[in-house]
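Have a look at the structure below, then the notes.
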Amino acid sequence: LMVGIVAGAQQANVGQWPRVRVNVSILDQNEAPAVGVKADALEVRDGKTVVRDAVLRPVGNAPESVCLLVDMSGSTYDARNEISAELREFVRKLPAADEVCLVDFSASVYVDAPLTTDRGMVEQGLSYLKASGGSAMLDAIYSTAKMMRREAHNDRRVIVLVSDGGENASKNSADEVRRELHQPEAPVVYSLVNQSDADTDFRAR
């Protein structure tokens, strides 16, 4: 790869093995999306072996499956209205072809809107969010990732986690969550996290 550029594998589809389709993100030295990188500047390797027949294509504007995963534990109580308003604006700006779901968690995990292109259903779910109780963040990531692997219709799958980073109520371990996120066709997790004083050894990125 070019100096200062990193390619991070995010999603793999092995349904046509031994041909494997992998989604990657190209980042610069500041871990921001790299701009202007062309396919002929990149090289694909399997270990130390160059993969000569690899085909690199930009993803373009293909539809995505996006799940909003929202922390509604008691520690987010003062910010709940701001969270709902920001997410409502985020949903309205997504391309119409994207399917969206809404999941919130406190000590338990709740699906407020299943994967849908109906923005009204998602916005209605946002109006019901209430903050209370503990935080089962690991359980929420684990169950949402499993749901998306099972139900998402698009190859590109993303979880947007909105949380203060607290974790005190999950049954799933951090290792179980990592294994789930490395399954074929698992979603990528992007986090908007303001870390609290709660202790957890897992941070989705």
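Numbers at a glance
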{"read-out": "Some residue of segment 12-28 being at pLDDT 80 or above, surrounded by 11 or more Cβ atoms within 10 Å (Cβ to Cβ) and more than 29 Å from residue 153 (Cβ to Cβ)", "value": "no"}
{"read-out": "Unique match (being out of contact with any strand residue (DSSP E or B) (no Cβ under 6 Å at 6 or more places or on another chain) and of a type outside the set (Phe, Trp, Tyr)) among 66, 35", "value": "35"}
{"read-out": "Verdict on residue 103 being closer than 27 Å to residue 168 by Cβ, in contact with a helix residue (DSSP H, G or I) (Cβ under 8 Å, 6 or more places away or on another chain), of a type in the set (A, V, I, L, M, F, W, C) and surrounded by 18 or more Cβ atoms within 10 Å (Cβ to Cβ)", "value": "yes"}
{"read-out": "Segment 88-100: number of residues that are assigned to a loop (DSSP other than H, G, I, E, B), open to solvent by 10 Å² or more (accessible area, probe 1.4 Å) and touching a residue at least 24 places away in the same chain (Cβ under 8 Å)", "value": "3"}
{"read-out": "Residue check, residue 122 under 30 Å from residue 164 (Cβ atoms) and touching a helix residue (DSSP H, G or I) at 6+ places or on another chain (Cβ under 8 Å)", "value": "yes"}
{"read-out": "Subset of segment 64-78 (residues that are of a type in the set (D, E, K, R) and surrounded by fewer than 24 Cβ atoms within 10 Å (Cβ to Cβ))", "value": "64, 78"}
{"read-out": "Only one of 107, 85, 62 that is small (Gly, Ala, Ser), in a loop (DSSP other than H, G, I, E, B) and out of contact with any Gly (no Cβ under 8 Å at 6 or more places or on another chain)", "value": "62"}
{"read-out": "Some residue of segment 156-169 being under 13 Å from residue 65 (Cα atoms), among the charged types (D, E, K, R) and touching a Pro at 6+ places or on another chain (Cβ under 7 Å)", "value": "yes"}
{"read-out": "Lone unmet requirement of (1) in contact with a helix residue (DSSP H, G or I) (Cβ under 8 Å, 6 or more places away or on another chain); (2) open to solvent by 50 Å² or more (accessible area, probe 1.4 Å); (3) among the charged types (D, E, K, R); (4) touching a residue at least 24 places away in the same chain (Cβ under 8 Å) for residue 57", "value": "(4)"}
{"read-out": "Subset of segment 110-128 [assigned to a strand (DSSP E or B) and open to solvent by less than 10 Å² (accessible area, probe 1.4 Å)]", "value": "113"}
{"read-out": "Residue 145 modelled with pLDDT of 90 or more, open to solvent by less than 20 Å² (accessible area, probe 1.4 Å), small (Gly, Ala, Ser) and under 12 Å from the mean Cα position of the chain (by Cα)", "value": "yes"}
{"read-out": "Given (1) without any contact (Cβ under 8 Å) to a residue 24 or more places away in the chain; (2) assigned to a loop (DSSP other than H, G, I, E, B), number of the condition residue 131 does not satisfy", "value": "(1)"}
{"read-out": "Of all residues in segment 154-167 being of a type outside the set (Asp, Glu), in contact (Cβ under 8 Å) with a residue 40 or more places away in the chain and part of a loop (DSSP other than H, G, I, E, B), the one that is nearest to residue 73 (Cα to Cα)", "value": "166"}
{"read-out": "Residue in segment 139-152 that is under 21 Å from residue 86 (Cα atoms) and among the aliphatic types (A, V, I, L, M) present", "value": "yes"}
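The values are calculated or read from the model by the stated rules, or taken from the named source; none is laboratory data. All figures in this text were calculated on a predicted structure; none of them were measured in a lab. Cβ coordinates were reconstructed from backbone atoms using ideal geometry, including for glycine residues, and neighbour counts include every protein chain displayed. The accessibility values were calculated without ligands, DNA or RNA, using every heavy atom of the protein model including side chains. Shrake-Rupley method; radii C 1.70, N 1.55, O 1.52, S 1.80 Å.
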